[in-house]
Amino acid sequence: ITKIDTKKFIENLSGAGKCIGVLTSGGDAQGMNAAVRAVVRMGIYVGAKVYFIHEGYQGMVDGGDNIKEASWESVSSMLQVGGTVIGSARCKDFRTHEGRLRAALNLVQRGITNLCVIGGDGSLTGANLFREEWSGLLDELVQSGEISEEASQIHSALHIVGMVGSIDNDFCGTDMTIGTDSALHRIIEVVDAIMTTAQSHQRTFVLEVMGRHCGYLALVSALACGADWVLIPEMPPKDGWEEQMCYKLSESRLRGSRLNIIIVAEGATDRHGNPISSNAVKELVVRCLGFDTRVTILGHVQRGGTPSAFDRILASRMGVEAVLALLEASPGTPACVVSLCGNQAVRVPLMECVQMTQEVQKAMDEKRFEEAVRLRGRSFENNLNTYKLLSHRKIDSELPHSSFNVAVLNVGAPAAGMNAAVRSAVRVGITEGHTMFAVSDGFEGFYKGQIKEIKWGDVGGWTGQGGSLLGTKRTLPAKHIDKIAEQMRIHNINALLVIGGFEAFESLLQLVDARSRYEEFCVPMCMLPATISNNVSGTDLSIGADTSLNAIVETCDRIKQSASGTKRRVFIIETMGGYCGYLATVGGLAAGADAAYIYEEPFDIRELQSNVEHLTEKMKTSIQRGLVLRNENCSENYTTDFIYQLYNEEGKGVFDCRKNVLGHMQQGGAPSPFDRNFGTKIAAKAMQWISKKLKEFYREGRVFANTEDSACLLGMRRRALVFQPVIQLKDETDFVHRIPKEQWWLRLRPLMKILAKYKTSYDVSDSGQLEHIVRLRAKDISAI
């Protein structure tokens, strides 16, 4: 990927005189509305006219009232609504030449030459064909006298940018499509509910999830709930799978499990292409094992409901990016798709993605299954490998025996997803041949000797549990360093896995510092960031932050609803996060807040004043409510009470105020699918790293590791998971305020302001490069 880096700012991009049409097409997906809202507001912000094209391509062909100009207010309250407000339809007419001719006429009559299409691969392929035919269609319209030669000249090029809205995540070239995360939320809610009843009756449940050609939903939900077996189209089970599956189910019952969960993608087949239905799986289990078995088909529940925080942020980022791509397009620019790679927004040529997606199907049809998995991309392959690692317990005689002891502990405040990480670490550790030890209550339990061996079965069912089952404390090791060294010696601990937040980072630094005095700490150590505040250096995301964002967004939705009932009301909501403004900012973007006050971006009385004036103006429109988020430590003097009283006083006669402190509800709850998955994957990767380091540092019958790179933090950095020595992260950290010195999400703040109608400076240097899909070679995959 080649990049030319020059600073570019939104102020220099103008949409004046441009018309953008936005449509949703194909199957609906949660988050489409957030994308439509972002396109409309960003388009209007840069001075363009934006049109809704209702009912997808059908509306484009039919014209008339289906194509309407959008206003700022017309997309208000859309953010929290599932599906698509502007409608979507499967359209036969657009597949015909006459249909596309009528569509071209309808667009030219309104001066629309920029299209933003939100849909699946069929919708995007159709858009590209339309673009290729455009000049020919205009020539036909000129010949038939329906448009003038002049109009044909002015509208000579059609620009297209796609966003992928599909719950199946079946589109190559993007890590996540809009709607996938919300669909996983629906599936996991159902699985969690089913688990309690299955447990009561010792039942086996077969769950059928969507995914005719793509097993992403089945695979990730199986990973997130610790399912016993999963059947997906990309990797059909080997012949003789029936006996294998039944053996696995009965073995888990013998080990004391009271339930089994089997997840089947609706498109699952065997190696010979014969479909495997959920009923067939049920009959098999009943016939072979006699277990009480039930089938649940989730169906359209997966498409429904409100979009998750992740989908709202993804769609908002993509919508803004799509408008930028349209502004920068020249007649020769190929149609592109805005997508997500790791945590990075990118643009990729639409047809390359479509071809790659079709190649996956071709590989599956030709029974080249390994190839199909590889073509699906790194994220899919990584999920599959992690699932295989965790679900199939090897018989003790098959396990390598390492004679190493590895201890796992939680440090700091609880974060949802910690348990999923512990489960994954324990099981991968056992598979690697180590003896795993669990430490209760962080370093406090460590010095008191609360350390015991933890086995495969002890962590069953942990993925869906919130909080920390091991127990966690904020105690740092420095005070009790000699007692901790003694416990390391007593239990002969050869490696440490610490899962936690800022305290975990500080703890690791203290242990590394103590290496010169205590040889016991000269062992490989790894830290996994788990904190709702997302305030640890060396990682863009932490386990627990996504669950917390969803809690904030859900509450904000309810509050907005109450405010729209009473009219003219502004809510001031205080979020957690210490000095880190991540939850306030990203929560603000996902909930459609008018402002978010954070420590990292100092504000003064003038800014508070301008926010009040902005809200006063807003109350004159049809949107008579306001939402303001405030991070708990954003300012010593401008407290939540102060801001509440100021708004109340200044807004007298125009709006009234309410305040709400969200508190510890942000820390609790069942972990979101993202946190379960993220925790599971990084813990598995960390254990493999620990195994490698143990072999590397094993000399003359003992482990001795005192290099910088033997104490690392595993974090997500833009596009990859990387191990970084904690010593090196020291310089990147502000220890007084417990935050990293540089934080990527600050770049999202201007988006929040633009979508709330504030004029602001926005550095768009990060976007604008068209990248090509590169086939990942084996060595690239290992870096992920």
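The values are calculated or read from the model by the stated rules, or taken from the named source; none is laboratory data. This structure is a prediction, so every number in the text was calculated from the model and none was measured. So basically every Cβ, Gly included, is an ideal-geometry build from the backbone, and we count neighbours across all protein chains shown. Heads up: the accessible areas ignore ligands, DNA and RNA and are worked out on the full protein's heavy atoms, side chains in. Shrake-Rupley method; radii C 1.70, N 1.55, O 1.52, S 1.80 Å.
Within the stretch 712-763, if we keep just the residues that are aliphatic (A, V, I, L, M) and open to solvent by 20 Å² or more (accessible area, probe 1.4 Å), the residue that is modelled with the lowest pLDDT turns out to be ALA720. The single condition from (1) in contact with a Ser or Thr (Cβ under 9 Å, 6 or more places away or on another chain); (2) buried (at least 22 other Cβ atoms within 10 Å of the Cβ) that CYS556 fails is (1).
Looking at (1) more than 19 Å from the chain's Cα centre (by Cα); (2) open to solvent by 20 Å² or more (accessible area, probe 1.4 Å); (3) not aromatic (Phe, Trp, Tyr), find the lone condition where VAL570 falls short. Only one criterion in (1) more than 19 Å from the chain's Cα centre (by Cα); (2) open to solvent by 20 Å² or more (accessible area, probe 1.4 Å); (3) not aromatic (Phe, Trp, Tyr) is unmet by VAL570, namely (2). Take the conditions open to solvent by 40 Å² or more (accessible area, probe 1.4 Å), touching a residue at least 24 places away in the same chain (Cβ under 8 Å) and not in a helix (DSSP H, G or I) and apply them to TYR644. Does it pass? No, not satisfied.
Put simply, of LYS695, LYS730 the only residue that is more than 24 Å from ALA545 (Cβ to Cβ) and basic (Lys, Arg) is LYS695.
Quick check on the stretch 31-48. Is at least one of its residues part of a strand (DSSP E or B), surrounded by 20 or more Cβ atoms within 10 Å (Cβ to Cβ) and out of contact with any helix residue (DSSP H, G or I) (no Cβ under 6 Å at 6 or more places or on another chain)? The answer is no; no qualifying residue exists. Within the option set ASP181, ASP192, being surrounded by fewer than 24 Cβ atoms within 10 Å (Cβ to Cβ), part of a helix (DSSP H, G or I) and among the acidic types (Asp, Glu) holds for one residue only, ASP192.
State whether one or more residues within the stretch 64-71 are part of a loop (DSSP other than H, G, I, E, B), hydrophobic (A, V, I, L, M, F, W, C) and modelled with pLDDT of 95 or more. Checking the stretch 64-71: at least one residue is part of a loop (DSSP other than H, G, I, E, B), hydrophobic (A, V, I, L, M, F, W, C) and modelled with pLDDT of 95 or more.
Cβ-Cβ distances below 7 Å connect no pair with a first residue in the stretch 697-711 that is outside the structural domain of VAL726 (by the TED database), a second residue that is in a loop (DSSP other than H, G, I, E, B) and surrounded by 13 or more Cβ atoms within 10 Å (Cβ to Cβ), and a separation of six or more residues or different chains. Among residues of the stretch 119-146 that are in the same structural domain as MET351 (by the TED database), those with a beta-carbon under 9 Å from a residue that is surrounded by fewer than 16 Cβ atoms within 10 Å (Cβ to Cβ) and among the hydroxyl-bearing types (Ser, Thr, Tyr) at least six positions away or on a different chain give the pairs TRP134/SER156; SER135/SER156; LEU138/SER156; VAL142/SER148. Only one entry of GLU366, GLU352, GLU359, GLU370 meets the criterion of being over 19 Å from GLY267 (Cβ atoms), open to solvent by 10 Å² or more (accessible area, probe 1.4 Å) and either out of contact with any helix residue (DSSP H, G or I) (no Cβ under 6 Å at 6 or more places or on another chain) or not β-branched (Val, Ile, Thr) (or both), and that entry is GLU352. As a summary of the residue check, ASN534 satisfies the conditions (1) on the phi < 0 side of the Ramachandran plot; (2) outside any helix (DSSP H, G or I) except for the one numbered (1). Only a single item in (1) of a type in the set (A, V, I, L, M, F, W, C); (2) open to solvent by less than 40 Å² (accessible area, probe 1.4 Å); (3) modelled with pLDDT of 95 or more; (4) farther than 23 Å from GLY577 by Cα is not met by VAL703, and it is number (3).
Taking (1) in a helix (DSSP H, G or I); (2) touching a residue at least 60 places away in the same chain (Cβ under 8 Å) in turn, GLY669 satisfies each apart from (1).
The residue of the stretch 512-531 that is most open to solvent (accessible area, probe 1.4 Å), among those that are assigned to a loop (DSSP other than H, G, I, E, B) and more than 17 Å from GLN743 (Cα to Cα), is ARG517.
Of note, ARG558 satisfies the criterion of being more than 22 Å from the chain's Cα centre (by Cα) and free of Cβ contacts under 8 Å to residues at least 24 places away in the same chain.
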